[in-house]
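*Asks:* Below you'll find the structure I mean.
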Amino acid sequence: VSQSRYFGQGYLNQSAFSTQGAELNGRGMFKDIKYSLSYIFQDFIENESPVLRRPLQSWLGKVTYLFSDKFEFETRLRWHSHRYDLNDSGEVVKLNSYEVVDLGLKYFFKQVSLGFHINNLFERDYEDLFGYRIWYVSCEY
């Protein structure tokens, strides 16, 4: 795998690495409740330098309540272990592990759905990338 980072004048290749690991996924449904759980473990081998922006472990748990055939409510818990990134001086820094809770509500029309999501419900302070806080709004159709 090759990895790049943007430095203002284009993307520069940082290094190459090999990885091995496992992914486990499960899902099910009980009455009006859908649930799923996924886990990813990665072990970086033969890397020339620290592997950036890739957590060693990640969890995602999701529970969705189906109010009717028109409404659903979803809650998600995401957890990522620590990662490494480069700071503005090009030095390798360690980013802390974090967990985040998200909520969502979706209404289904005949051919379209309209969703409302609150990501990072408890306003957890975290970084996926060094120095970046991510805010966004989405609309699904």
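Conditions tested, residue by residue: (1) closer than 22 Å to Leu114 by Cα; (2) at pLDDT 95 or above; (3) not small (Gly, Ala, Ser).
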site	(1), (2), (3)
Gly8	no, no, no
Met29	no, yes, yes
Ser38	no, yes, no
Val51	no, no, yes
Thr64	yes, yes, yes
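*Asks:* While we're here: In the set Asp69, Asp125, Asp102, which member is among the charged types (D, E, K, R), at pLDDT below 85 and farther than 20 Å from Glu23 by Cα?
*Replies:* Residue meeting the stated conditions: Asp125.
*Asks:* Hey, can you tell me all the residues within region 25-47 that are out of contact with any Ser or Thr (no Cβ under 6 Å at 6 or more places or on another chain), part of a strand (DSSP E or B) and open to solvent by 100 Å² or more (accessible area, probe 1.4 Å)?
*Replies:* Filtering region 25-47 down to residues out of contact with any Ser or Thr (no Cβ under 6 Å at 6 or more places or on another chain) leaves 26, 28-33, 35-39, 41, 43, 47.
Now narrow it down to the ones that are part of a strand (DSSP E or B): 26, 28-30, 33, 35-39, 41, 43.
Across region 25-47, the qualifying residues are Met29, Phe30, Tyr35.
*Asks:* Scan region 79-91 and tell me whether some residue there is exposed (fewer than 14 other Cβ atoms within 10 Å of the Cβ) and under 25 Å from Gln20 (Cβ atoms).
*Replies:* The first filter runs over region 79-91 and keeps only residues exposed (fewer than 14 other Cβ atoms within 10 Å of the Cβ), leaving 82, 87-91.
Pick out the ones that are also under 25 Å from Gln20 (Cβ atoms) and you get 82.
Checked against the condition, which is being exposed (fewer than 14 other Cβ atoms within 10 Å of the Cβ) and under 25 Å from Gln20 (Cβ atoms), region 79-91 yields at least one hit.
The values are calculated or read from the model by the stated rules, or taken from the named source; none is laboratory data. Here the structure is a predicted model, which is why all the values come from computation and not from measurement. Cβ: placed from backbone, ideal geometry, glycine included. Neighbour counts: every protein chain shown. The protein model used for the area step is the full one, side chains on, heavy atoms only, and it has no ligands, DNA or RNA in it. Shrake-Rupley method; radii C 1.70, N 1.55, O 1.52, S 1.80 Å.
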